[in-house]
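What follows is one structure encoded as structure tokens, with my remarks underneath.
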Number of protein chains: 2
Amino acid sequence: MATSQRRRRVTITDVASHAQVSTTAVSKVIRNAYGVSPAMKDRVQAAIEELGYRPHAAARGMRGRTFTIGVLLPDLRSPFFAEILDGLTEQLGDTEYQAIMIQGGTTHKSERRAIDALADRQVDGILIVAPIAAKTRLEELARDIPTVVLARHERSAVYDTVFADDDAGAQLAVEHLIDLGHRRIAHIAHQDNARARPADLLHVIRAETYKRVMRDHGCGDEIAIATTSYSAEGGLEGARELLSRSPRPTAIFAGADQAAFGALAAVHEAGLSVPADISVIGYDNIRLAALPNIALTSIDQDGVVMGRAAGRLLLDRIEGRTSAVRFAVVPSLVVRRTTAPPSESGQGPASTSAPT
Amino acid sequence: MATSQRRRRVTITDVASHAQVSTTAVSKVIRNAYGVSPAMKDRVQAAIEELGYRPHAAARGMRGRTFTIGVLLPDLRSPFFAEILDGLTEQLGDTEYQAIMIQGGTTHKSERRAIDALADRQVDGILIVAPIAAKTRLEELARDIPTVVLARHERSAVYDTVFADDDAGAQLAVEHLIDLGHRRIAHIAHQDNARARPADLLHVIRAETYKRVMRDHGCGDEIAIATTSYSAEGGLEGARELLSRSPRPTAIFAGADQAAFGALAAVHEAGLSVPADISVIGYDNIRLAALPNIALTSIDQDGVVMGRAAGRLLLDRIEGRTSAVRFAVVPSLVVRRTTAPPSESGQGPASTSAPT
DNA sequence: ATCGAAATGAGTAACGTTTTACAACCGTGA
DNA sequence: TCACGGTTGTAAAACGTTACTCATTTCGAT
């Protein structure tokens with residue numbers, strides 16, 4: 001018989017009667033609201049301590065705040081999200097607020113369900129990371145709940161945005177390769193079914209900037225893009241396709257490090273070497289990129305700073321700010337050993353014969 | 001003036017008055033409880049549809065359920081957790097339950113705070129992944145809230161456990177190396193400040209099994225362990241240390257793929273090659289391990305199945321089951337290209353002279 | 001002393017649901 | 001016709017907290 005009655009939680013009433021005061025007084029102490037004498041405060045806090053009382057979030061949510069920040073992540077697979085969360089957690093640090101996460105998935109339906117779930121749970125604020133929902137839907141949400149959108153560039157009057165300057169970052173990447181002497185630079189892009197204005201999506205910006213910079217340096221004819229996804233599998237597939245083209249590119253700019261890993265694999269698979277035959281540059285500078293055997297050249301953007309900023313903006317909004325803010329982080333180039341000047345011999349040893 | 005009054009949410013009362021019935025009736029329809037005629041049901045559902053009503057989770061939490069499953073993850077950096085969550089989400093699928101995640105961190109204090117946060121939010125069930133808390137604390141929690149613990153092996157009367165058979169997995173790994181002819185096999189282990197019985201911790205089991213299998217095959221004298229952490233950085237550091245020993249090991253069994261990546265880096269750094277000079281085997285079979293240029297031999301354990309099982313056990317418990325269950329997944333060996341027979345020449349080319 | 005304002009505490013009504021209890025209605029069998 | 005049991009609906013009381021209102025006390029300035 002594994003019964004063992006589920007214990008009743010200790011409530012504010014228990015504390016009040018134990019401390020011989022009203023529940024109102026206890027509530028005030030908890031929220032350190034105006035109108036409690038030091039004596040009262042001590043007394044109540046002692047009772048709280050003694051009984052191990054913890055306020056019941058659902059009940060609080062009925063009247064006031066839930067002290068909960070909801071974070072919507074598309075998935076848990078990107079190491080970059082972990083950094084954002086670290087920043088957010090740090091910012092929430094000693095406040096009473098707690099971050100909870102929810103997985104949005106890749107379809108509109110699943111993302112919708114996740115957002116609704118957060119709204120149903122009466123979170124005090126929402127951080128939406130790289131959503132695929134349309135701007136109008138996000139604004140609808142933001143009218144009800146303080147909202148910060150991370151990783152999209154749009155300008156909204158009702159929510160704040162936090163993002164890295166992807167235009168600058170992509171320019172750093174492509175110009176780094178051009179400075180090394182490359183001209184046949186290919187790009188691996190990402191495709192999802194986001195309903196945002198394309199120009200507000202970071203992966204579109206990276207791709208567009210790639211094209212612009214190529215043209216600016218007279219390499220407009222060398223533009224070659226494989227559109228797959230920002231993942232290892234996507235990078236592998238995309239790079240395979242790019243490497244099969246003729247003439248073969250001498251460098252690949254992958255829109256994300258994960259994709260760059262896939263690209264490295266494809267290069268290896270083709271019997272070519274990095275950076276002798278092909279240079280590869282990634283984006284995000286995830287930790288694995290720094291391992292000495294990988295040593296991936298990448299674009300660093302400080303996820304922790306972005307997470308911190310998002311947290312602060314959210315807290316401000318909860319406190320009542322209504323004006324909208326855009327917070328941009330500036331990325332930087334981290335040169336490692338996957339990029340080098342192109343080899344003199346136009347095509348490497350493993351070049352397959354041209355078609356037809 | 002960015003005012004735009006925050007709209008009042010539509011409540012059960014709104015639905016009731018719109019459908020000209022009592023709130024009780026609406027509540028019954030929502031929960032499809034006993035005592036509603038088909039006519040009533042249709043009528044109410046139409047009203048719900050029309051008004052776009054969604055039940056208010058906090059209010060529900062006051063009397064009944066919150067339809068929320070809390071998931072405590074130590075961090076977001078392990079790709080393995082993503083799989084568990086996929087399995088859980090799949091299992092929760094079309095139920096009304098929603099999974100929310102919270103980051104437990106690496107200290108007892110932060111994990112405690114996270115668990116309390118879930119309890120305060122009145123989740124209906126908790127999935128605790130690889131916790132560091134003591135068993136007694138988990139049992140205390142489990143007496144109040146249906147709980148499933150994932151990745152620890154202990155046997156509890158009040159909560160369920162879901163884990164992979166790490167003993168079998170580690171044995172597969174070590175015997176694979178021994179079958180290839182290796183004898184000087186080193187191990188990279190993980191250390192944290194968990195308060196569990198050591199024998200219940202997966203990383204301890206992997207290490208102990210490594211030692212046992214070594215002894216069973218007469219390699220007891222060759223046992224060499226570097227205790228760092230199951231991360232790329234930990235693997236790098238650990239492998240550096242192991243490679244500096246003399247005689248140098250011919251194979252490394254890393255307790256996790258992430259650590260194996262670090263080990264690969266260290267081997268490369270030392271001017272040695274895999275698998276010619278050193279074989280490396282990981283654990284978890286994360287996606288990156290399958291990339292053709294990495295091709296890491298690893299131990300596969302099905303995280304999705306584990307997540308699904310955890311979800312089902314949780315739902316069962318919420319429905320009233322009180323008996324405890326232990327669910328174990330059996331791992332399998334995935335041979336790729338980082339393991340091979342040891343080279344004949346005892347030490348590779350980069351061997352440093354023996355000390356003294 | 002007296003007045004008024006400020007400080008302090010308590011009582012009570014919400015908040016949006018679920019649960020319990022019960023009333024009204026129906027058809028059925030005696 | 002009556003009593004009865006089952007069905008279908010409603011009213012009202014929780015659940016634990018906060019916000020609002022108001023009464024009492026304290027204290028400084030006159």
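The values are calculated or read from the model by the stated rules, or taken from the named source; none is laboratory data. Note that the structure is predicted; figures quoted are calculated from it, not measured. Cβ: placed from backbone, ideal geometry, glycine included. Neighbour counts: every protein chain shown. Side chains are part of the model used for accessible areas, which takes the heavy atoms of the whole protein and leaves out ligands, DNA and RNA. Shrake-Rupley method; radii C 1.70, N 1.55, O 1.52, S 1.80 Å.
Quick check on the stretch A:236-263: of everything there that is farther than 15 Å from A:ILE185 by Cα and of a type outside the set (S, T, N, Q), which residue is most open to solvent (accessible area, probe 1.4 Å)?
The residue in question is A:GLU237.
Name the single residue that is nearest to DNA strand D (Cβ to nearest atom) among those in the stretch B:8-26 being within 19 Å of A:ARG63 (Cβ to Cβ) and without any contact (Cβ under 8 Å) to a residue 12 or more places away in the chain.
B:THR13
Being surrounded by fewer than 24 Cβ atoms within 10 Å (Cβ to Cβ), in contact with a Leu (Cβ under 8 Å, 6 or more places away or on another chain) and either free of Cβ contacts under 8 Å to residues at least 12 places away in the same chain or under 22 Å from A:VAL330 (Cβ atoms) (or both) is true for just one of A:LEU296, A:LEU291. Which residue is that?
It is A:LEU291.
Hey, can you tell me all the residues within the stretch B:161-178 that are open to solvent by 10 Å² or more (accessible area, probe 1.4 Å) and closer than 30 Å to B:VAL123 by Cβ?
B:PHE163, B:ASP165
Residue by residue through the stretch B:11-43, note down the ones that are more than 7 Å from DNA strand C (Cβ to nearest atom), small (Gly, Ala, Ser) and outside any loop (DSSP other than H, G, I, E, B).
Hits for the stretch B:11-43 are B:ALA16, B:SER17, B:ALA19, B:ALA25, B:ALA39.
Could you list all residues from the stretch A:198-233 that are open to solvent by 20 Å² or more (accessible area, probe 1.4 Å), farther than 19 Å from A:PHE261 by Cβ, in contact with a strand residue (DSSP E or B) (Cβ under 9 Å, 6 or more places away or on another chain) and part of a loop (DSSP other than H, G, I, E, B)?
A:ILE223, the sole residue that qualifies.
Does A:ALA59 satisfy the criteria of being within 9 Å of chain B (Cβ to nearest Cβ), free of Cβ contacts under 8 Å to residues at least 40 places away in the same chain and of a type outside the set (Val, Ile, Thr)?
Criteria met by A:ALA59.
Could you check, for the stretch A:149-160, whether at least one of its residues is within 23 Å of A:PHE81 (Cα to Cα), buried (at least 22 other Cβ atoms within 10 Å of the Cβ) and without any contact (Cβ under 8 Å) to a residue 40 or more places away in the chain?
yes
Looking at the stretch A:233-255 only, could you name the residues that are more than 12 Å from chain B (Cβ to nearest Cβ) and in contact with a Pro (Cβ under 9 Å, 6 or more places away or on another chain)?
Result: A:LEU242, A:LEU243, A:SER246, A:THR250, A:ALA251.
Going by the conditions given, is B:ARG31 within 14 Å of DNA strand D (Cβ to nearest atom), at pLDDT below 95 and under 30 Å from B:GLY125 (Cβ atoms)?
Yes: the conditions hold for B:ARG31.
Identify, by number, the condition in (1) in contact (Cβ under 8 Å) with a residue 12 or more places away in the chain; (2) within 9 Å of DNA strand D (Cβ to nearest atom); (3) at the interface with chain A (Cβ under 9 Å from one of its Cβ atoms) that B:MET40 doesn't meet.
With (1) in contact (Cβ under 8 Å) with a residue 12 or more places away in the chain; (2) within 9 Å of DNA strand D (Cβ to nearest atom); (3) at the interface with chain A (Cβ under 9 Å from one of its Cβ atoms) applied to B:MET40, the lone miss is (3).
Output the residue which, of all residues in the stretch A:118-137 that are within 11 Å of chain B (Cβ to nearest Cβ) and surrounded by fewer than 24 Cβ atoms within 10 Å (Cβ to Cβ), is nearest to the chain's Cα centre (by Cα).
Looking at the filtered set, the residue picked out is A:ALA119.
Mind checking whether some residue in the stretch B:163-181 is assigned by TED's automatic domain parsing to the domain that holds B:LEU76 and among the polar types (S, T, N, Q)?
Checking the stretch B:163-181: not a single residue is assigned by TED's automatic domain parsing to the domain that holds B:LEU76 and among the polar types (S, T, N, Q).
Answer yes or no: is there a residue in the stretch B:93-108 that is in contact with a His (Cβ under 9 Å, 6 or more places away or on another chain) and over 26 Å from B:GLN301 (Cβ atoms).
No: zero hits.
Based on what the data block shows, is B:ASP86 under 20 Å from the mean Cα position of the chain (by Cα), among the acidic types (Asp, Glu) and part of a loop (DSSP other than H, G, I, E, B)?
Taking the combined requirement at face value, the residue does not satisfy it.
Can you name the residue in the stretch B:82-110 that is within 9 Å of another protein chain (Cβ to nearest Cβ) and in contact with a Pro (Cβ under 8 Å, 6 or more places away or on another chain) and, of all such residues, is surrounded by the most Cβ atoms within 10 Å (Cβ to Cβ)?
Taking the candidates together, the pick is B:GLN103.
Mind listing just one residue for me: the one in the stretch A:56-80 that is within 16 Å of DNA strand D (Cβ to nearest atom), in a loop (DSSP other than H, G, I, E, B) and open to solvent by 30 Å² or more (accessible area, probe 1.4 Å) and, of those, modelled with the lowest pLDDT?
Among those that are within 16 Å of DNA strand D (Cβ to nearest atom), in a loop (DSSP other than H, G, I, E, B) and open to solvent by 30 Å² or more (accessible area, probe 1.4 Å), it is A:GLY64.
Quick test of your reading of the structure: A:GLY181 fulfils all but one of (1) assigned to a loop (DSSP other than H, G, I, E, B); (2) without any contact (Cβ under 8 Å) to a residue 12 or more places away in the chain. Name the failing condition by number.
The failed condition is (2).
Residues in the stretch B:44-55 that are more than 7 Å from DNA strand C (Cβ to nearest atom) and crowded, with 18+ Cβ neighbours inside 10 Å: how many?
3
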